[in-house]
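*Asks:* Starting off with a structure, shown below.
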Amino acid sequence: MSEKNIIQITDLTKVYGDGVKIKALDNVNMTIGRGEFMAIVGPSGSGKSTLLNMIGILDTPTSGTITLDGVDITKASEKERSKMRNQKLGFIFQYHHLLPDFNAVENVMMPLLINGIKPTNARAKAHTMLKEVGLGERINHKPRQLSGGENQRVAIARALANSPEIVIGDELTGNLDSKTSEKIYELLRKLNREHNQTFILVTHDEQMAEKTERIIGLVDGKITEDKST
Amino acid sequence: MSLARALESRNQVIFSVYELFIAIRHLRSRRRQTILSILGIGLAVMILMVSQASMVGFTEELYKKTVDNMPHVTVEPKSDEDYIYLYRSLAYDIREIEGVTGASPVLSGQATFAYKDTSRNVLMQGILVKEHNTVLHTEKDITEGSFRDLEVTHKSVILGDSLSEKLDVKVGDTLDATFPEAKPTTLKVVGIYDSGTPQDETLAYVPLSTAQHFFDNSNVANSILVRVEDPDYAQPIADEIDAVGYQASSWMETNPEILQMIMIEGLSNFIILGMIIVIASFSMVSTLFMVVMEKTKEIGMLMAMGVPRRSILTIFLLEGGIMGLIGPVVGVLAGIVVSLYLGSITMDIGEEAYGGVSTFPFVVRTKDAVMIVIFTFLLNLVAGIFPARRASRLDPVEAISSE
Ligand SMILES: Nc1ncnc2c1ncn2[C@@H]1O[C@H](COP(=O)(O)OP(=O)(O)OP(=O)(O)O)[C@@H](O)[C@H]1O
Ligand SMILES: [Mg+2]
């Protein structure tokens, strides 16, 4: 495996269901390079989220292997897996999923605290991250006091807090209007260029997908296209 | 190996900063349910504390009225002998036993007291005044005359107040003592006592030498009465004396109903109050289950952020533990206040109560307070394992996409 590949997926299959089997992923093979900014597109039910959850170590494959930064996560222990989720991965979902009882800066601090970073240092880092996503002012507001777009920015700051090598977003602009979506994408692109982190974004939005460097098309759990732009 | 070291060696602390941070924030965000849960436990613990204080007060009062006024150990002759012959040296040896505060040899037997045309059968007990006083504090019951006169006046007697009324004798009067096979004698009344028990009608004290002369049996005693420092430890001391060949029985053996009474009271107390606390813990646990359900999405997100399952477990154990600690602490404090207040009022529980215990104080013991807090805390901690385990076993993908 070459050093520049951060993700290596081999013969990945995921079957759901006990009685009626649903093949959400069917023998997927692909490699993703360090610092890539890519999109996964496909019709509803094609397995996009399933693939993303596998890469994010939230779910386990039925067969096949996934190697993240040289580590085969299908063989890793629960402890290693959670450590990797914390340090190597950043998640952004369609809904921000911020912790409602914590304000913006505390939400961004959370991955840092989980990583064992001292609260004062974590707060400073979180503040910097919030400034970077353009929310330096309203750091003491709770999620319910912020708009959808603002909350999604906080969620992005949180996903990036531990400087993960891989950032995955599952329709992260699905709940936002097109203007806000565009701004968020521009922000992600900027962060990707500045930090050379790998971004894998699932989207329905063709226009958005066109703005990435590489588009992977999924249909019925199989890769049907893989084009670089 | 100490617990701290054991944890350190596994390179772990009991909980980390963020686990506590999340636990406290969860509790604070559901302030009302949290406070209600704490109050539920607190109330149960308060009742337990008050009840325990009254139990202890009752027990102490019962001891004071009964155990305090009886020999803690009664030593009787060896099984093949009628009397204790070497009573002086035996009493001396008994006093040497650790925990023994007094030993009094006595010689008692039936006698008929007659004064003018009245006569009564009594239990005549020959005692050594000084020794007897270290065992039974009879001196404090003397209402007329003097206990010490029994020692200085030969052929003297001290009667219970009821007996003196029945015989119509006063201090200074002389009565006749007779009994078949005994040497008749005259006895001068030197004192009257009032112990408030039925023995006031039957028990009369005479000097040991007078009793020995009356029963025509010099240099013997038929029992040695023993007082110990802590009545709860009377049994091992009795056993020790027993081992030498004398028949020694503790107050627990001679008056088993006292302990039975305390045990029955304590047991029923424990069962009822234990159940109240279990119910309070149940409500705390159901609150926690609700938190887990409500926070399912968040738990999934925490897992996505890299919180290990173990830490999810810890977070919810902390929540249960915090409620389970504040609750009993508040409850015990409230219980102490209530006990002190109730203790300041005289409670009349009627004359029928055992051993003449008619009023009793509430006694708050630090030991009880600490035990109750620890017991309730541990119970809540254990109960909290169930919701905490539910949380830690959630599937992150399902949790995040749950509604
Ligand atoms: N936990 C599950 N149990 C059973 N089937 C599942 C489960 N999760 C996903 N599936 C099925 O797997 C297939 C792929 O689902 P997935 O969520 O990956 O699709 P998707 O491409 O993300 O769709 P969408 O664009 O609607 O989000 C679907 O047929 C779905 O019904
Ligand atoms: Mg999806």
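The values are calculated or read from the model by the stated rules, or taken from the named source; none is laboratory data. Remember, it's a predicted structure, so these values are computed and weren't measured experimentally. Backbone-built Cβ (ideal geometry, glycine too); neighbour counts: all protein chains shown. Surface areas here come from the heavy atoms of the whole protein model, side chains and all, with no ligands, DNA or RNA. Shrake-Rupley method; radii C 1.70, N 1.55, O 1.52, S 1.80 Å.
*Asks:* Mind checking which residues of region A:99-123 are buried (at least 19 other Cβ atoms within 10 Å of the Cβ), within 8 Å of chain B (Cβ to nearest Cβ) and assigned to a loop (DSSP other than H, G, I, E, B)?
*Replies:* Selection gives A:99, A:101, A:102.
*Asks:* Okay, next question. Out of curiosity, is residue B:298 in contact (Cβ under 8 Å) with a residue 12 or more places away in the chain, acidic (Asp, Glu) and in the same structural domain as residue B:55 (by TED's automatic domain parsing)?
*Replies:* Values: in contact (Cβ under 8 Å) with a residue 12 or more places away in the chain: no; acidic (Asp, Glu): yes; in the same structural domain as residue B:55 (by TED's automatic domain parsing): yes.
For residue B:298, the condition - in contact (Cβ under 8 Å) with a residue 12 or more places away in the chain, acidic (Asp, Glu) and in the same structural domain as residue B:55 (by TED's automatic domain parsing) - is not met.
*Asks:* Being surrounded by 14 or more Cβ atoms within 10 Å (Cβ to Cβ), more than 17 Å from the chain's Cα centre (by Cα) and within 11 Å of ligand 1 (Cβ to nearest atom) narrows it down to one of A:51, A:25, so name that one. Before you say what the answer is, go through the steps one by one.
*Replies:* Details: A:51 fails: more than 17 Å from the chain's Cα centre (by Cα).
Sole residue among the options that is surrounded by 14 or more Cβ atoms within 10 Å (Cβ to Cβ), more than 17 Å from the chain's Cα centre (by Cα) and within 11 Å of ligand 1 (Cβ to nearest atom): A:25.
*Asks:* With respect to the numbered conditions (1) outside the structural domain of residue B:161 (by TED's automatic domain parsing); (2) open to solvent by less than 10 Å² (accessible area, probe 1.4 Å), which one is the sole condition not fulfilled by residue B:129?
*Replies:* Against the list (1) outside the structural domain of residue B:161 (by TED's automatic domain parsing); (2) open to solvent by less than 10 Å² (accessible area, probe 1.4 Å), residue B:129 comes up short only on (1).
*Asks:* Among the candidates A:95, A:16, which residue alone is of a type in the set (Phe, Trp, Tyr), more than 8 Å from chain B (Cβ to nearest Cβ), within 12 Å of ligand 1 (Cβ to nearest atom) and more than 25 Å from residue A:227 (Cβ to Cβ)? Let's see the steps before the verdict.
*Replies:* Numbers: A:95 fails: within 12 Å of ligand 1 (Cβ to nearest atom).
Testing whether each residue is of a type in the set (Phe, Trp, Tyr), more than 8 Å from chain B (Cβ to nearest Cβ), within 12 Å of ligand 1 (Cβ to nearest atom) and more than 25 Å from residue A:227 (Cβ to Cβ) leaves just A:16.
*Asks:* I've got another one for you. Return the residue satisfying two criteria in turn: it lies in region A:54-92 and is within 13 Å of ligand 1 (Cβ to nearest atom) and farther than 26 Å from residue A:157 by Cβ, and of such residues it is farthest from the chain's Cα centre (by Cα). Talk me through it step by step, then tell me what you get.
*Replies:* We begin by selecting, within region A:54-92, every residue within 13 Å of ligand 1 (Cβ to nearest atom); these are A:54-56, A:58-62.
Remaining after also requiring farther than 26 Å from residue A:157 by Cβ: A:60-62.
Details: A:60: 16, A:61: 18, A:62: 21 Å.
The selected residue is A:62.
*Asks:* I've got another one for you. Given the conditions (1) within 16 Å of ligand 2 (Cβ to nearest atom); (2) within 26 Å of residue A:227 (Cα to Cα), which single one is not true for residue A:64?
*Replies:* Exception for residue A:64: condition (1).
*Asks:* Which condition from (1) out of contact with any Leu (no Cβ under 9 Å at 6 or more places or on another chain); (2) open to solvent by 20 Å² or more (accessible area, probe 1.4 Å); (3) away from chain A (no Cβ under 14 Å) is the one that residue B:28 breaks?
*Replies:* Of the numbered conditions (1) out of contact with any Leu (no Cβ under 9 Å at 6 or more places or on another chain); (2) open to solvent by 20 Å² or more (accessible area, probe 1.4 Å); (3) away from chain A (no Cβ under 14 Å), the odd one out for residue B:28 is (3).
*Asks:* Here is a follow-up. Output the number of residues of region A:35-70 satisfying the condition of being β-branched (Val, Ile, Thr) and touching a helix residue (DSSP H, G or I) at 6+ places or on another chain (Cβ under 7 Å).
*Replies:* Our first condition is that a residue be β-branched (Val, Ile, Thr); within region A:35-70, this holds for A:40-41, A:50, A:55, A:57, A:60, A:62, A:65-67.
Still in the list and also touching a helix residue (DSSP H, G or I) at 6+ places or on another chain (Cβ under 7 Å): A:40-41, A:57, A:66.
Total meeting the criteria: 4.
*Asks:* Identify the single condition in (1) crowded, with 17+ Cβ neighbours inside 10 Å; (2) assigned to a strand (DSSP E or B) that residue B:163 does not satisfy, given that it satisfies every other one.
*Replies:* Status for residue B:163: all satisfied but (2).
This table checks each residue for (1) within 16 Å of ligand 2 (Cβ to nearest atom); (2) open to solvent by 90 Å² or more (accessible area, probe 1.4 Å).
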site: A:201; (1), (2): yes, no
site: A:204; (1), (2): yes, yes
site: A:211; (1), (2): no, yes
site: A:214; (1), (2): no, no
site: A:218; (1), (2): yes, no
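*Asks:* Could you figure out which of (1) more than 14 Å from chain B (Cβ to nearest Cβ); (2) more than 20 Å from residue A:102 (Cβ to Cβ) isn't true of residue A:131?
*Replies:* (2)
*Asks:* Test of understanding: among A:148, A:136, which residue is away from ligand 2 (no atom under 16 Å from the Cβ), surrounded by fewer than 16 Cβ atoms within 10 Å (Cβ to Cβ) and in contact (Cβ under 8 Å) with a residue 12 or more places away in the chain?
*Replies:* Details: A:136 fails: in contact (Cβ under 8 Å) with a residue 12 or more places away in the chain.
The match here is A:148.
*Asks:* I would also like to ask the following. Among (1) within 16 Å of ligand 2 (Cβ to nearest atom); (2) out of contact with any His (no Cβ under 9 Å at 6 or more places or on another chain), which single condition is residue A:29 missing?
*Replies:* Single failed check for residue A:29: (1).
*Asks:* Looking at B:302, B:288, which one is within 14 Å of another protein chain (Cβ to nearest Cβ), assigned to a helix (DSSP H, G or I) and open to solvent by less than 10 Å² (accessible area, probe 1.4 Å)?
*Replies:* It is B:302.
*Asks:* Here's a follow-up. Which of the residues belonging to region B:306-341 are open to solvent by less than 10 Å² (accessible area, probe 1.4 Å), of a type in the set (A, V, I, L, M, F, W, C) and within 14 Å of chain A (Cβ to nearest Cβ)?
*Replies:* B:307, B:312, B:315
*Asks:* When only residues in region B:110-120 that are free of Cβ contacts under 8 Å to residues at least 60 places away in the same chain and part of a strand (DSSP E or B) count, which is surrounded by the most Cβ atoms within 10 Å (Cβ to Cβ)? Break it down into steps so the answer makes sense when it comes.
*Replies:* So the first thing to find is which residues in region B:110-120 are free of Cβ contacts under 8 Å to residues at least 60 places away in the same chain, and the list is B:116-120.
Narrowing further to those that are part of a strand (DSSP E or B): B:118-120.
Details: B:118: 12, B:119: 15, B:120: 17.
Across region B:110-120, the extreme among qualifying residues is B:120.
*Asks:* Closer than 30 Å to residue B:64 by Cβ and in a strand (DSSP E or B): does that describe residue B:268? Write out each step before concluding.
*Replies:* Numbers: closer than 30 Å to residue B:64 by Cβ: yes; in a strand (DSSP E or B): no.
No: the conditions fail for residue B:268.
*Asks:* How many residues does region A:172-195 hold that are within 16 Å of ligand 2 (Cβ to nearest atom) and buried (at least 20 other Cβ atoms within 10 Å of the Cβ)? Walk me through how you get there before you give the answer.
*Replies:* Here is the first cut: in region A:172-195, the residues within 16 Å of ligand 2 (Cβ to nearest atom) are A:172-175.
This time we only want the ones that are buried (at least 20 other Cβ atoms within 10 Å of the Cβ), so: A:172-173.
Final tally of qualifying residues: 2.
*Asks:* Go through (1) in a loop (DSSP other than H, G, I, E, B); (2) in contact with a strand residue (DSSP E or B) (Cβ under 7 Å, 6 or more places away or on another chain) one by one and return the number of the condition residue B:181 breaks.
*Replies:* (2)
*Asks:* Could you list, in sequence order, all residues of region A:28-46 that are within 8 Å of ligand 1 (Cβ to nearest atom) and on the phi > 0 side of the Ramachandran plot? Lay out the reasoning, then the answer.
*Replies:* Within region A:28-46, the subset within 8 Å of ligand 1 (Cβ to nearest atom) is A:42-46.
Correct list: A:42, A:45.
*Asks:* Checking the structure you have, find out if any residue of region A:68-75 is within 14 Å of chain B (Cβ to nearest Cβ), hydroxyl-bearing (Ser, Thr, Tyr) and either more than 21 Å from residue A:164 (Cα to Cα) or more than 16 Å from ligand 2 (Cβ to nearest atom) (or both). Spell out how you get there, then give the answer.
*Replies:* First, the residues of region A:68-75 that are within 14 Å of chain B (Cβ to nearest Cβ): A:68, A:73.
Subsequent filtering for residues that are hydroxyl-bearing (Ser, Thr, Tyr) retains none.
Checked against the condition, which is being within 14 Å of chain B (Cβ to nearest Cβ), hydroxyl-bearing (Ser, Thr, Tyr) and either more than 21 Å from residue A:164 (Cα to Cα) or more than 16 Å from ligand 2 (Cβ to nearest atom) (or both), region A:68-75 yields no hits at all.
*Asks:* Let me ask something else about it. Taking only pairs six or more apart or across chains, which ones have beta-carbon atoms under 8 Å, a first residue in region B:133-158 that is in a helix (DSSP H, G or I), and a second residue that is polar (S, T, N, Q) and open to solvent by 30 Å² or more (accessible area, probe 1.4 Å)?
*Replies:* B:134/B:101; B:136/B:69; B:138/B:195; B:141/B:195
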